Structure formats: C-alpha cells, structure tokens
Amino acid sequence: MIQTQLAGAYTGSGRFQAAIDLLNHALKCFRETGPPNLQTNAEHRLATAFLRLGQPARAQACITPLPTACDPGRQVFRTMIECRIADALGQPVLAKLEEARRLHGSRLSAMDRRALLLSLAAHLPAEAARELAQLVLHDAEAAGDAPAALHARVRLAEARRLLGEFRAAADEARAAWSMGPAAPVLDLDRPGADWLIYQAAVAGGDDETAVGALRSGADWIANALPHVPEAYKPSFRERNAACRGILVEAANRGWTR
C-alpha cells in the first residue's frame, strides 16, 4: 500500500521510471497474494502513469477485471481510466461518464464525486461544462478541498474561453494561477493545469499569467524528461496533449533549455 501511494507521488512529480518500477513490483505481489482492492489501486496508478507518458495501449494492458466486491469509488475510477484511454485513442466517452454519474454518483465519497464531475466537465459542451465546473468549484471551496477547487477553476476557465467569455476566462486563469505553481490538483497533472491556465490567460490578454503558467509547464516537462524511460520520450512530448501544446508554445517564444 505504501508503495502505491509513493508511486502516485512520483507520477505527480514526473518521476515516471521510479513510479513504474514501484508499481510493477507492487502488482506482482498483489497478484500473487492480494488483496484484490490494492491490486486494483496499483493497476489504476500504473495506467495513469502510462497515459501521462502518451501510451494508451500500455495503460490498457495494465488493467484486469475488477474484483466482484469492488466499491463504487474503485468502479468509477476504473470507468474514468477506461474513458481516458478511449479518449486518447479518439473514441467518444461522454455517454459512459454520464452513466457512471447516474449509477454511482450518490454513493461516492465527496472527493470521488468531485473527480468524476470534473472528468465529465472535460467532455461536456462548453455551456454545460461551465455550469458543472462552477457547481464543483462552489462545493470544493465550501468543503476546503483546494485540489478539487483548483481543477474546477481551470475547467471553468477553459469553458469560458470556449464560449468566447475571454475576460472571465482570464479572471479564472489568474485565480487558479494565484494558488501557486506547485499547488496540487485533483486528478489532473500539473502540465494539464498549466496548459488550461495558459490558453485562458492568452485568450483574455493576461500575458503575465500566461507566461508564468507556460514557464511552469515547460520547467515541469524539462525536469521530468530525465525520469521518462527512453522509449517513451517521443510519446511523452508528442502524444500527451498538454505537453505537446506547452512545448510548441515555448518554442514559439524562443525558449530553450
């Protein structure tokens, strides 16, 4: 259990090789001796690491059928992982996420429910995404859940940008950025948050926030690259959409490392 938690922290900080090594070892143990729920947790964390490396097929290969007595939180997280894999492969996922909300939403912990709703907001039409992100933001702030509030705010910034509400989008981006470049984000990696902040800030003409977020994302990627297995470096740069966007924009600004 400690290994999987540590591996999650490694993935969040970009130490991908260490995370993969820990999770492979943990999975070997759990598959031989159990318990099944810890095996499921480790599979989800390993799949997440591979998704962030731009490797959806390897992420798919990590997961095995859920145990019979799996709790709603793990069932929903499996659905979210499967949807991220499908989305990376260009397949539709909205109906599956809406079904998970209908079947399990009322049975989830507050944190798991917020994660599901934010995942759903990423795939809804912009107006519906704005409303849902606003709802999650208010709920998270009332509960003192800063990581969920940060994710909700960047989703809100993105929805407002897509709706053409550029000044409001920049305001949300600025508020998200003010929480700090190292602030944890619920169920979203740091480059993903920085990329959404950057796009909203640019749309609203806030170059200071845009440059800060872009620099944060570019630095995170540069620091992570030595910890990315050599075979996955091209996909990390090119098939992780946030990393690709950040690197292109950094190059356009003439930044080099």
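The values are calculated or read from the model by the stated rules, or taken from the named source; none is laboratory data. All of these numbers come straight from a predicted model, not from anything done at the bench. Please note that ligands, DNA and RNA were not included when accessible areas were found on the heavy atoms of the full protein model with its side chains. Shrake-Rupley method; radii C 1.70, N 1.55, O 1.52, S 1.80 Å.
Restricting to DSSP H runs of at least four residues, report the calculated mean residue ellipticity at 222 nm for the chain, -39500 (n - 2.57) per run over all residues, nearest 500 deg cm²/dmol. Please report the intermediate quantities before stating the final value.
Working: 14 runs with 190 residues, N = 257.
After summing the helix terms and dividing by the residues of the chain, the value is -23500 deg cm²/dmol.
Just the projected area, averaged over all directions, of the convex hull on the alpha carbon atoms of the stretch 168-244: how many nm²?
Mean projected area of the Cα convex hull: 5.1 nm².
Quote to one decimal, in nm, the extra length available between N24 and A241 on full extension: 0.36 nm per residue of separation minus the C-alpha distance between them. Mind showing how you got there, number by number?
Values: separation 217, 0.36 × 217 = 78.12 nm, distance 2.56 nm.
Separation in residues times 0.36 nm, less the Cα-Cα distance, equals 75.6 nm.
Carbon and sulfur together cover what percent of the accessible area of the stretch 1-87 at a 1.4 Å probe radius?
Values: 2150 of 3860 Å².
Carbon plus sulfur share of accessible area: 56 percent.
Using Cα centres only, tell me the gap between the stretch 174-201 and the stretch 137-156 in whole Å.
Using only Cα atoms to place each centre, the spacing works out to 12 Å.
Taking N as the number of residues in the stretch 32-175, what is its Cα Rg relative to 2.2 N^0.38 Å?
Values: Rg = 16.1 Å, N = 144, 2.2 N^0.38 = 14.5 Å.
Here the answer is 1.11, to two decimals.
Write down the accessible area per residue of the chain in Å², having rolled a 1.4 Å probe over the full set of protein chains.
On the way: 11940 Å² over 257 residues.
That works out to 46 Å² for each residue.
Which whole-Hz couplings ³J(HN,Hα) result when phi for each residue of the stretch 201-207 is put into the Karplus expression 6.51 cos²θ - 1.76 cosθ + 1.60, θ = phi - 60°, listed in order with x for Gly and Pro?
Those phi angles translate into 5, 4, 4, x, x, 9, 5 Hz.
Just round it to a whole percent: the fraction of Cα-Cα distances in the stretch 121-214 exceeding 21 Å. Let's see the in-between values first.
On the way: 878 of 4371 pairs.
Roughly 20 percent, rounded to a whole number.
Against the globular-protein guess of 2.2 N^0.38 Å, express the Cα radius of gyration of the chain as a ratio, rounded to two decimals. The partial results should precede the final answer.
Values: Rg = 17.9 Å, N = 257, 2.2 N^0.38 = 18.1 Å.
With N residues counted in the chain, Rg over 2.2 N^0.38 Å equals 0.99.
Pull out the extension gain between A231 and E208, defined as 0.36 nm times the separation in residues minus the alpha carbon to alpha carbon distance; nm, one decimal.
Result for the pair: 4.7 nm of gain on full extension.
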